[in-house]
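Since the structure comes first, as structure tokens, the remarks are kept for the end.
The values are calculated or read from the model by the stated rules, or taken from the named source; none is laboratory data. It should be emphasised that the depicted structure is a prediction, and the values quoted were computed from it without experimental measurement. Don't worry about glycine lacking a Cβ; one is built from the backbone with ideal geometry, like all the others, and counts go over all protein chains shown. These area figures cover heavy atoms from the full protein model, side chains too; ligands, DNA and RNA do not enter into them. Shrake-Rupley method; radii C 1.70, N 1.55, O 1.52, S 1.80 Å.
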Amino acid sequence: MEVEKMDENEWKYHGEGNQSLVVAHCQRCAVLRFLKFPPNQNKTSEEILHHLQNIVDFGKHVMKQFFGENYVHHGEIVQLPLDFIRQLCLKIQPERPESRCDKDMDTLSGYAMCLPNLTRLQTYRFVEHRPILCIEIKPKCGFIPFSSHVSQEIKHKVCRYCMHQHLKVANGKWKRPSKYCPLDLFSGNKQRMHFALKSLLQEAQNNLKIFKNGELIYGCKDDQDSVSDWNELARHLKPFFFPSNGLVSGPHCTRTIVKELIHVITMALLSSTEACRAGDMRTVPISHGRSYCEASAFNKELVRNGKHKLESSGLPRGCLLYKTLQAQMLDMLDIEGLYPLYNRVEQYLEEFPEERSTLQIDGPYNEAFYEKLLDLSTEDDGTVAFALTKVQQYRIGMTAKDCSIMIALSPCLQDECSEQRPVVLTSKSRFTFSVSVLDLDLKPYESIPHQYKLDGKIVNYYLKNVLAKDDPVMSSLFQENEDCTLVLHKV
């Protein structure tokens, strides 16, 4: 990227999260990522450079080890002309969602991260001339806690995502709960995966977006009502899936196209870019909690039809969902088992504040940091070292629970599809595709107390307002004592 001759008109607003804002180049396959801060929080250029360096190192030395070379793009730091950044900031301001404007893009340091644009195919530096479809999915946590530290039995039965939906609707973040359950997507069972993806398409919330040639065409831009217009989506997708077919519009056509889309996403998610024998399938051991969630709409439907056994086919070991789940499961103790260990580390740091850098709490994220994460023992020997390892593993697990998976698809002709690029077939088309993972910033050490409180809130709200409504005995218990914390035991 020629840093000297930067023109803000060649860049456009791409999106933003809580920590950073992203702009994309109109021609080239590149994005710039800027940090964001509350208006009164001034950081020095050195602090910002250090922060960005940590993000790059963490992707390079830690997440690449968990997810594999092919899936992680850690990017590089660039220094840009301040004038360019200021003009860019003014240009994109009108496009930013209101709910994100509580923080300002950093225009003072001159530093940003340059990354490949993952809504484009990850094989060319320049935008291809053929159309590109990209699906971004935030799968969320794909397992039910298996830790013995869990105090509420419900957490061993209903997944965190399904419980949290009810609290989010009550707080007005969403209008309706989604039928999506991450355990269905991570099951490896095609029927369950199709159901999960269809549910995501119905209530996209923040967890699904679709881009066509880098432009967002589907998905919730903000915390607004996410009633999905499938007909509009089908109009965009028809040339991809039925290029020459005169399939007329209408509900049948829309359903057919959505079905094809779901099939392609499923196949891409189960694909493995690493050599992996077919016999090399492994499910996460069932002893590690159950493979389904009692609140899942798919599960309830089965129970209604008198079937109680949910098939879990398991995920191919080389596929990205498998790797994501393995990284998520570094949260072995659950926040309830972890919180006392966090307090142990905090106490130690109060006594010896100068040890903070030796313990590598804020980096550097290098090989030594990664090596320590590989100790999977759960026998607490009472040391600070043990507590710290579990805290760092929990942070990695949380990062993996919040990552996004990008699937970029491009139609290819019969004779073009070379051996080098993976291909997925549909009834009328064939696609080359690439799968990548992003949003891999390490979750902050300081957020652990917040996570502990939030966990309690989610579980108590669910017990009180969802389970209690289904169970008259519990309902009366709650009314007798508003403040009680109910502990449910297996009967």
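For beta carbons closer than 7 Å, sequence separation of 6+ or different chains, a first residue in region 63-74 that is more than 13 Å from residue 370 (Cβ to Cβ) and a second that is aromatic (Phe, Trp, Tyr), there are no qualifying pairs. Within the option set 239, 177, being open to solvent by 60 Å² or more (accessible area, probe 1.4 Å) and either farther than 30 Å from residue 130 by Cβ or outside the structural domain of residue 297 (by the TED database) (or both) holds for one residue only, 177. No other residue among 206, 213 is in the same structural domain as residue 192 (by the TED database), under 30 Å from residue 314 (Cα atoms), surrounded by 14 or more Cβ atoms within 10 Å (Cβ to Cβ) and at pLDDT 70 or above apart from 206. Of all residues being farther than 16 Å from residue 120 by Cβ and assigned to a strand (DSSP E or B) in region 9-28, which is farthest from the chain's Cα centre (by Cα)? Just the residue, please. So, considering only residues that are farther than 16 Å from residue 120 by Cβ and assigned to a strand (DSSP E or B), the one farthest from the chain's Cα centre (by Cα) is 13. For region 145-156, a residue qualifies if it is in contact with a His (Cβ under 9 Å, 6 or more places away or on another chain) and surrounded by 21 or more Cβ atoms within 10 Å (Cβ to Cβ), and exactly one does: 145.
Table: residues versus (1) within 30 Å of residue 268 (Cα to Cα); (2) open to solvent by 50 Å² or more (accessible area, probe 1.4 Å).
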{"residue": "6", "(1), (2)": "no, no"}
{"residue": "16", "(1), (2)": "yes, no"}
{"residue": "35", "(1), (2)": "no, no"}
{"residue": "53", "(1), (2)": "no, yes"}
{"residue": "80", "(1), (2)": "no, no"}
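A residue that is of a type outside the set (Lys, Arg), open to solvent by less than 50 Å² (accessible area, probe 1.4 Å), modelled with pLDDT under 90 and farther than 21 Å from residue 160 by Cβ can be found somewhere in region 479-488.
Do any helices (runs of 4 or more DSSP H) lying entirely in region 29-139 carry at least 1 residues that are modelled with pLDDT under 95 and within 29 Å of residue 199 (Cβ to Cβ), and which ones are they? Before you say what the answer is, go through the steps one by one.
Values: elements: 45-57, 64-67, 82-92.
The helices (runs of 4 or more DSSP H) meeting that bar are 64-67.
Of the residues that sit in region 427-450 and are surrounded by fewer than 17 Cβ atoms within 10 Å (Cβ to Cβ) and within 30 Å of residue 176 (Cβ to Cβ), which one is nearest to the chain's Cα centre (by Cα)? Of everything passing the filter in region 427-450, 439 is nearest to the chain's Cα centre (by Cα).
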